[in-house]
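Have a look at the structure below before the remarks.
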Amino acid sequence: MDKNKDFLLLQECERRRIAEDLHDTTVQELVYLLQQLELSLIYFDKDPAQAKLELISARKNIRKIIDGIRDTIYNLRPMSFDDLGWNSSINKLYDELNAFNINVYFDIDDLDTSDGVTAITIYRIINELTKNVIKHSKANNLWVNVIKADNEICVIVKDDGIGIIDFNKENHFGLQFVQERINLLSGNFSMTTNNKGTEFTISIPI
Ligand SMILES: Nc1ncnc2c1ncn2[C@@H]1O[C@H](COP(=O)(O)OP(=O)(O)O)[C@@H](O)[C@H]1O
Ligand SMILES: [Mg+2]
């Protein structure tokens with residue numbers, strides 16, 4: 001029963017997050033794009049040069065919207081994960097994180113993706129925790145460690161940033177997702193956080 005509720009809760013959170021994602025990026029950008037097009041129509045006769053500038057800017061915004069939609073789709077089901085499997089997806093994440101001003105250290109065992117759910121769930125957990133480090137922690141260093149033992153997978157995500165002040169922030173679901181996903185995999189997690197950084201240690205039975 002609890003598992004079913006966990007699952008439903010996770011599904012509701014996901015739906016909410018997708019809706020928010022689309023609203024905050026795509027819809028707002030489309031509204032802005034519409035305004036730009038209206039503006040260029042107004043300029044069209046009396047100031048064609050200005051109208052052209054608006055159109056050039058609108059074209060740039062359309063590209064941005066396309067990228068935003070691609071990101072949303074990617075987050076729904078990372079295509080590289082299906083196509084490339086664990087190692088390449090992890091390498092892709094490493095490259096993404098490395099583009100920010102932070103030192104990234106990955107030490108990650110190869111995981112079996114054949115059950116279709118465990119590895120991708122762990123990937124999503126690592127994705128959320130590491131993106132949080134980039135967004136919130138102000139850390140200089142980020143360490144990610146995945147150790148595959150005989151009967152469990154252990155994941156450690158650690159940063160040397162400012163620590164988590166508000167774990168259960170209203171209308172923020174990332175960490176809640178992480179907890180739900182660990183529960184659904186019958187795993188455990190512990191967290192230590194203070195003004196020298198944050199460390200998550202997660203174990204998933206296999
Ligand atoms: N590694 C971290 N370092 C510092 N603060 C963090 C870290 N991870 C999460 N937080 C804090 O916890 C809050 C909740 O995180 P989360 O549930 O993922 O929501 P979101 O990332 O959407 O803000 C964040 O808004 C942030 O204030
Ligand atoms: Mg988050």
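The values are calculated or read from the model by the stated rules, or taken from the named source; none is laboratory data. This structure is a prediction, so every number in the text was calculated from the model and none was measured. Note: ideal-geometry Cβ built from the backbone for every residue, glycine included; neighbour counts use all protein chains shown. Areas reflect the complete protein model, heavy atoms only, side chains present, ligands, DNA and RNA absent. Shrake-Rupley method; radii C 1.70, N 1.55, O 1.52, S 1.80 Å.
Within the range 128-154, residues that are touching a residue at least 24 places away in the same chain (Cβ under 8 Å) have Cβ atoms under 7 Å from residues that are away from ligand 2 (no atom under 16 Å from the Cβ) and assigned to a helix (DSSP H, G or I) in these pairs: Ile153/Ile122, counting only partners at least 6 apart in sequence or on another chain. Checking each residue in the range 130-157 for being within 16 Å of ligand 2 (Cβ to nearest atom) and either over 21 Å from Leu185 (Cα atoms) or within 15 Å of the chain's Cα centre (by Cα) (or both) picks out Thr130, Lys131, Asn132, Val133, Ile134, Lys135, His136, Ser137, Lys138, Ala139, Leu142, Val157. Annotation note: Cβ proximity below 8 Å between a residue of the range 171-186 that is open to solvent by less than 20 Å² (accessible area, probe 1.4 Å) and a residue that is near ligand 2 (Cβ under 9 Å from one of its atoms) (sequence gap 6+ or interchain) occurs for Gly174/Glu128; Gly174/Lys131; Gly174/Asn132; Phe177/Glu128; Val178/Glu128; Val178/Leu129. Being part of a helix (DSSP H, G or I) and away from ligand 2 (no atom under 16 Å from the Cβ) is a condition met by no residue of the range 165-182. Scanning the range 142-170 for residues that are closer than 26 Å to Leu111 by Cβ and polar (S, T, N, Q), we see that the one that is most open to solvent (accessible area, probe 1.4 Å) is Asn151. For the range 42-89, a residue qualifies if it is surrounded by 14 or more Cβ atoms within 10 Å (Cβ to Cβ) and touching a strand residue (DSSP E or B) at 6+ places or on another chain (Cβ under 9 Å), and exactly one does: Trp86. Within the range 116-129, is there a residue that is more than 15 Å from ligand 2 (Cβ to nearest atom) and open to solvent by 40 Å² or more (accessible area, probe 1.4 Å)? Yes: one or more hits.
For the range 18-41, the set of residues classified as exposed (fewer than 14 other Cβ atoms within 10 Å of the Cβ), among the polar types (S, T, N, Q) and more than 20 Å from Leu76 (Cβ to Cβ) consists of Gln35 only.
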